[in-house]
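Structure, as structure tokens:
Laboratory data are not the source of any read-out in this text; all were calculated from the coordinates shown. Model, not experiment: these values are computed from the prediction. Heads up, the Cβs are rebuilt from the backbone with ideal geometry, glycines too, and the neighbour counts pull from every protein chain shown.
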Amino acid sequence: MLESADVVINEGSRNHIDETQVMGGTKSGLISRIFVIARNAFREAVRDRILYNLVLFVLLITASSIFLNELSARQEGRVIVNLGLSSILIFGVFIAIFVGVSLVWKEIEKRTVYSIFSKPIGRGEFIIGKYLGLCLTLLVNLAVMGAGMTLALLFVHNSQFVGAMWLAVLMIFFELTIVTGIAILFSSFSTPALSALLTFFIFVIGHFSASLRVMGGETGSRPATGLLDVMYYLLPNLSHFTIATEVANGLTPPALLIGSTLLYAVVYDIILLTITVFIFSRRNFK
């Protein structure tokens, strides 16, 4: 019986799975191997205490917004939505960046990649599995945070915000899938510190790319305009995923806009993973 991918990816683990989960060149075998890697990445991320601390902190922020009754002129619902969604995004980004840049790097630093790739596990499967595992971690954390916001809204009798609030949480999740993809992309060839810095830089630029493009046009400088145009089309436009203001004002974006934005995220994620697999597949670990 071969050691499971659980043992390979996490040296401290003593769990075993059937060798058919690792062996096999069929499509089902491919999916099984990706699933095993994703499951281990999820377990590894959940064991990191910072995730629990961040979730607890966001829940505390959401709960504290309930007590802003007297300061918000009976606008508790809007305060909870604005504060809660902003907190979910900020801490979700920190999870995506700091966990994302370490997922691949830790395996390289500990030299466990040698054991991993000695098994019938491809580098593409490894990257995709790690990515899906962290996305699952983010999904679970966002669900917990969203549940806390829902309880807060129900407590202050502002249930009319709940449906749109969950739509905003869904948009944040897809935004974080892009941030996660960027973090893993940089970590496939760079150090964690530089990867985190570059990912955060792209996250910030992604929220202001449209404004920077307009600013470049107003400068009258062709080089500046050209550079900002390239950045606008090349880097992800993350401002489309932010609908907290609309939700706080009781508005729901059109379904076509929501659908096109989610499709944009899926396509961008596929492009990021393709580039990451291409780079990682050509990396020499000797």
Discussion item. Report, to one decimal in Å, the Kirkwood hydrodynamic radius for the stretch 47-281 based on all distinct Cα pairs.
Written reply: 19.1 Å
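For the stretch 47-281, what does the relative contact order come out to in percent, with C-alpha contacts under 8 Å and a separation of six or more? Write out the running numbers ahead of the final one.
Numbers: 239 pairs, mean separation 65.7, N = 235.
Relative contact order, the stretch 47-281: 28 percent.
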Worksheet item: Taking the Cα-to-Cβ direction at Asn249 and at Phe208 and moving 7 Å from each Cα, how far apart do the two end points lie in nm?
Response: 2.2 nm
Worksheet entry | Unit charges at the beta carbon, dipole of the stretch 86-240: most positive-side option, Thr177, Pro120, Phe155 | Pro120
Fill in: Ile31/Thr274 FRET efficiency (R0 22 Å; Cβ-Cβ; nearest 0.05)
0.75
Response to the item:
the stretch 181-216 scanned against label point 7 Å out from Asn284 along Cα→C-beta; backbone N under 17 Å for 189-190
Worksheet item: Under the Karplus relation 6.51 cos²θ - 1.76 cosθ + 1.60, θ = phi - 60°, what is the ordered set of whole-Hz ³J(HN,Hα) values for the stretch 189-196, x standing for Gly and Pro?
Response: 9, 10, 7, x, 4, 5, 4, 5
Worksheet item: How many nm is it between the label spots at Tyr264 and Leu151, if each spot is 7 Å from the Cα in line with the beta carbon?
Response: 3.5 nm
Worksheet item: Taking Cα atoms of the stretch 199-286, Rg/Rh with Kirkwood Rh, to two decimals?
Response: 1.09
Fill in: Cβ-derived FRET efficiency at R0 30 Å, Ala224 paired with Leu257, nearest 0.05
0.50
Practice prompt. Starting from the Cα of Ile90, move 7 Å in the Cα-to-Cβ direction to define the label point; list residues of the stretch 187-214 whose amide nitrogen is under 19 Å from there.
Written response: 197, 200-208
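Report the equivalent ellipsoid semi-axes for the stretch 111-229 in whole Å, largest first, defined as the square roots of five times the eigenvalues of the gyration tensor built from alpha carbon atoms.
31, 30, 10
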Worksheet, complete the sentence: Here P(r) for the stretch 109-173, Cα-Cα distances in 10 Å bins, as whole percents, is 18, 32, 18, 16, 12, 3
Item to complete: Rank-order 180-191, 202-213 by packing density, defined as the average count of other C-beta atoms within 10 Å over each peptide's residues, highest first.
Response: 180-191, 202-213
